Every structure is written in structure tokens, then in C-alpha cells.
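So the structure is just underneath, and the comments pick up after that.
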Amino acid sequence: MTNHTFDFIVVGAGSSGATVATRLSERISGSVLLLEAGAPRQDDFWVKVPIGIAKILNNPRYVWQFKTEAQASLGGRQIYWPRGLLPGGSSSVNGMIYARGEPAEYDLWRDHGNVGWGYGDLLPYFRKMESTVMGEDEYRGRNGPIHITALAQTPNDLSEAFIEACQQAGIPATPDYNGRQYEGVGYLQLSTRRGQRCSTAVGYLKNRPPNLCLQTEAVVHRVIFKGKRAIAVEYMRGGEIYRVSARNEVILAAGPIKTPQILELSGVGNAQHLQNLGVPVIHHLPGVGENLIDHLQSRMTFACTKGITLNDILTSRVRQAAMGAQYLLTRRGPMSASSASVHALARTCERERRPSVKIQLHHLSGLGRYTSAKKGYGLDDFPGFSIGFFQLRPESRGHLHCRSTDPAEAPVIDPRYLDKDCDREIMVEAIRLARKVSQQSAMMSFIERETRPGAAIVSDEELLQYVRDSGETSWHPVGTCKMGVDDMAVVDPSLRVYGLEGLRVVDSSIMPTMPSSNTNSASIMIGEKAADMILQAAGN
């Protein structure tokens, strides 16, 4: 690959990168190079099978095993942040929940100077990327590359009880949270097709155009500039260093952790920090690596009165065998989905004008999502389920910066969870809402007892401490190369890096705020929209 030249070079074959690279190559006669650090493991069995997330999130063959700095607000704990390391990126290792985000939040992006990023502007791209039979034609896509499955098609007793309990607690029902009504409780929608994961590796790259070259196991070190113009990319593969050139543009789509790291190693970022690292400054851009946002999630757990949970299956070899047989024969059953089935996007009080929290039903319970145990997956040894919760729009902001000039060394990641008073207050309101739902009559026949934090934990201080002790990432980091028109913005509304030429950022790092709820759908949308903007600028 040394000294090869392509029209476009896209760094990162994840949710946004696979999308933008495919769309560009479909519409130009020139060449597109897509560089991916991970190996081509997107067709591995446990990647394709939805419940396999439990087996891959701790496996360095599939994920970058990042960790945050010790979080003072969480008792000094470091939080594990796995990110996808294979074609499809995190869409190949996530929980597959398909949630676009709140329309009102995208309108705020527009109103803060990001022209073209209101919900009305973005809806055509959401529709273009998806294929589903649910919802209204005005809001939903029918022929896109990402297939969406509605869990409402396979209802179960626990989920039905949770939906009824949410309504008893004052949360309205919504038939389609990706359609006309965002707020409310309803069955989850998943990016799956016929019982298998539908990542961007499946939806976009599986039948990619011949002018799109996918190079895997290629770890990008830096972007190379001529003056202020990006002209090439340097990467390592198999112990060798390669350099490839771009005629038109270099597009960074390596995600909210690797993209700012690559920028800093390329000499783009806060000049003082770069000088301290010993990196020659190409362009002073202080917003690189700042504005880091993530959803901190905690879960309440309950002992269930009925043996209907994943705990019962995953701690029994006989039931596991039956579950496996059902899946292999029909592509249905528990293996065709993740542990979650229903969520509610809700207000915690009448004074709120928008939903502020998400609560979500999981058909398992345990100490944590990564806890090891002698049997099962760190699960309780009795029937159990969980209600997870997080604040939809956290106000705390952290940062992410290179630790050294070694591209293989993970950057400093400090999300500064619960840094703002309002975040702490809303997380307490969220757990109170989750508990309120659990205490409704519809749930009573399923609950033997609340096991975590336990009925004795009732004060705001005690509940907040439980969140501090149990909170983990929701795998939704965004914002480290913020789009905007202020001094801390990294890219403009066309996703061009300020002060430079031939360089864009196209991934979730450009999100100025959390889009509310999950982030994968929005990341794919960014790739769709970016392709149109890039082609328009190139005269195509």
C-alpha cells in the first residue's frame, strides 16, 4: 500500500466510517480507502448472535479495552470502556438498541449555529439508513441497509407487566419512540435481521462497491500535512509502517476516543499540550479532546418469583442447550436479542418539559456486567431481573488527551461523571422513578424482593451513594471533536476541521451534546449526512 493514492481515505470502519466510505464509493468513479485497526472478525459466531455481547465485551480480539481515569465521584473507581475493534466498530459489539434520539435535541444543535442539523434536516437520513415494517411512512425507512426488528412482535409476560407498571406510574405509552412520539414506554427496537446482528459491517460493507478498498489490521498513527492541508495518512500493519495519500480528503471516523488521539498525534490540538508531548504543532485547536460526555448507568435488581429470566437459563446447562437448539433451528428465542426488552423515556416530575431519564428492563440480575463467577456470567444464582436507568442529557463534561506520543498507548480518559449538581440530582430522581415503577400493582406478582440497593436504602444520600458504587458506562461517549461555531468547536457544520483543509471528522465525536438515549443510530446518520456534504463539496 506504500505510496498508493486514493481519492478519499476514511480512518475507521465503524458506525460512521463504514457508512460514509460506502456512500462515497457508490457515487464516485474514483477510489476510497477504508482503514480499520481491527481484524475481520465481523462474521464470527458470537459477533453475529445478539446474546453474544456477553462473550465479546471483555475480549481484546474484538474490543479496545480502554479504562477511564479514577473517578473521584465514583469512589475512585476506574470505569471499563470497551470500544469495537473490527469492521462495524462498536455497532459490531453493542447491545443493538436502535434509538435515534430526541428530535428536540437535534433542533438545539441547529439553534446553536449548526445549520442543517435540526431534526427535520436529519429525518431523511434516518429514513434512508433503515429498513423496517413498523411505524408510519412519514417517519420510517423501508429499504435501507440497517434492518430494524421490533421486540413488540415477540411479547412476554415480564415485559408486558413492566409496560403496564410504567403507565400506572404516569409514563405514557408510545407505539414508536423513533416515530411521531419519542416520550413514553414501549418495546425496544433492535438493529437485527432474522435473529442476527445487523451492524454497519453487515449493512454497508458486506456487498461493498469494487472501488472501496477495506484494509483491516491497519492502526493509523497520524495524518500528514503539507502546510495546512491533509495529504496522507501513516499507519502500521504487521509491524510495517505504510503511507497512503489522498487526492481529495482525509476523513477521520475512528470514534470519540481514537479520533482526538489521532488528531493530537498529527499536531492538531491544544498547542501547549502538544508541545509538552513533544509533538510539532500543525494547528492550535484547543477543543480537541474536550467536551467528553457519557451516560452513567446504574441498575436496580430484583429477585423474581418466576423462573423466567436469563439467570435461570445461563446458570443451567440444560436450559442453555435448549436455548441454543431453539436459536439454531429457528433464529428465535433469547439468543436473538440482548438482555433488554423495554425502555421508558420519561420525565421525573410534572415541571419538566422533556424526558430527562431512561429506565430499561433487563431480563437478568447480578453484581455487574463484567463480573466473573464460577457459573453463569456474574449473575445471581436465583431468578432475577434489573431496571437500568440513566440521565438522558448529562451536563458534566470531561476530557480525553494523549498520554504520550506512542499511538499504541491509550489516552487519558476522564469523563468526570456526576461532576454537576444537576446530574447527581437527576440520577437520584431516576432511581426513584425505577423503584416507583417496580412498586406498581402490575409488577407485584413478579417481585419477591428488591435485592439492590434494597428496600432499606431510601434517603437521597443513600441512593446517590448506590449510584456512585454501582454506576458504569452505557457505552455512549461522544463530543470530543465538537461541531459548532464557538471557540471550542473542532469542526464546522460541514464537519471540516477548523483551520485546516482536506480534513473532516465524521463520527460521534462531533456531537455537541448527547442526542438523548442511545448513540449508535445517530452515528450512522452522521455518516449518511457527511457523504452528501462531501460529495456536494466535490461537485458530485
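Quick look at the numbers
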| item | result |
| --- | --- |
| Verdict on Arg468 being part of a strand (DSSP E or B), at pLDDT 95 or above and more than 17 Å from Ser90 (Cα to Cα) | no |
| In region 157-172, the residues that are assigned to a loop (DSSP other than H, G, I, E, B), out of contact with any helix residue (DSSP H, G or I) (no Cβ under 6 Å at 6 or more places or on another chain) and open to solvent by less than 50 Å² (accessible area, probe 1.4 Å) | Ile171 |
| Options Met129, Met134, Met96: the member that is touching a Gly at 6+ places or on another chain (Cβ under 7 Å) and modelled with pLDDT of 95 or more | Met129 |
| Selection from region 349-362 of residues that are open to solvent by less than 40 Å² (accessible area, probe 1.4 Å) and modelled with pLDDT under 95 | Cys349, Glu352 |
| Test: Arg140 is more than 26 Å from Ala254 (Cβ to Cβ), open to solvent by less than 30 Å² (accessible area, probe 1.4 Å) and part of a loop (DSSP other than H, G, I, E, B) | yes |
| Every pair of residues 6+ apart whose Cβ atoms lie under 8 Å, when the first sits in region 218-230 and is over 18 Å from Tyr498 (Cβ atoms) while the second is among the acidic types (Asp, Glu) and not in a strand (DSSP E or B) | Ala218/Glu36 |
| Unmet criterion (only one of (1) among the hydrophobic types (A, V, I, L, M, F, W, C); (2) touching a residue at least 24 places away in the same chain (Cβ under 8 Å); (3) touching a helix residue (DSSP H, G or I) at 6+ places or on another chain (Cβ under 9 Å); (4) crowded, with 17+ Cβ neighbours inside 10 Å) for Leu123 | (2) |
| Yes/no for Phe45 being aromatic (Phe, Trp, Tyr), open to solvent by 10 Å² or more (accessible area, probe 1.4 Å) and farther than 17 Å from Val219 by Cβ | yes |
| Selection count where residues are over 25 Å from Val437 (Cα atoms) and touching a helix residue (DSSP H, G or I) at 6+ places or on another chain (Cβ under 6 Å), scope region 279-315 | 5 |
| Number of positions in region 302-323 that are open to solvent by less than 70 Å² (accessible area, probe 1.4 Å) and among the charged types (D, E, K, R) | 1 |
| Every residue from region 499-530 that is surrounded by 24 or more Cβ atoms within 10 Å (Cβ to Cβ) and of a type in the set (Gly, Ala, Ser) | Ser508, Ser509, Ser516, Ser517, Ser521, Ala522, Ser523, Gly527, Ala530 |
| Criterion: of a type in the set (Ser, Thr, Tyr) and touching a Cys at 6+ places or on another chain (Cβ under 8 Å) - qualifying residue of Thr216, Thr192, Thr200 | Thr192 |
| Arg403 being under 30 Å from Arg237 (Cβ atoms), surrounded by fewer than 22 Cβ atoms within 10 Å (Cβ to Cβ) and of a type outside the set (S, T, N, Q) | yes |
| Among the candidates Arg452, Arg468, Arg496, residue that is in contact with a Leu (Cβ under 9 Å, 6 or more places away or on another chain), open to solvent by 40 Å² or more (accessible area, probe 1.4 Å) and closer than 20 Å to Ala13 by Cα | Arg496 |
| Selected residue [more than 26 Å from Pro355 (Cβ to Cβ), modelled with pLDDT of 95 or more, of a type outside the set (D, E, K, R) and more than 20 Å from the chain's Cα centre (by Cα)] from Leu34, Leu74 | Leu34 |
| Any pair with Cβ under 7 angstrom, 6 or more apart, that starts in region 104-119 at a residue that is of a type in the set (Gly, Ala, Ser) and in a loop (DSSP other than H, G, I, E, B) and ends at one that is open to solvent by 30 Å² or more (accessible area, probe 1.4 Å) and at pLDDT 95 or above | Gly113/Val485; Gly118/Asp107; Gly118/Arg110 |
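Table: residues versus (1) open to solvent by 10 Å² or more (accessible area, probe 1.4 Å); (2) in contact with a helix residue (DSSP H, G or I) (Cβ under 8 Å, 6 or more places away or on another chain); (3) within 24 Å of Met129 (Cβ to Cβ).
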position: His4; (1), (2), (3): yes, no, no
position: Ser15; (1), (2), (3): yes, yes, yes
position: Val20; (1), (2), (3): no, yes, yes
position: Ser25; (1), (2), (3): no, no, yes
position: Ile51; (1), (2), (3): yes, yes, no
position: Ala72; (1), (2), (3): yes, no, no
position: Arg83; (1), (2), (3): yes, yes, yes
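The values are calculated or read from the model by the stated rules, or taken from the named source; none is laboratory data. Since this is a predicted model, take the numbers as computed values, not measurements. Cβ coordinates were reconstructed from backbone atoms using ideal geometry, including for glycine residues, and neighbour counts include every protein chain displayed. Surface areas here come from the heavy atoms of the whole protein model, side chains and all, with no ligands, DNA or RNA. Shrake-Rupley method; radii C 1.70, N 1.55, O 1.52, S 1.80 Å.
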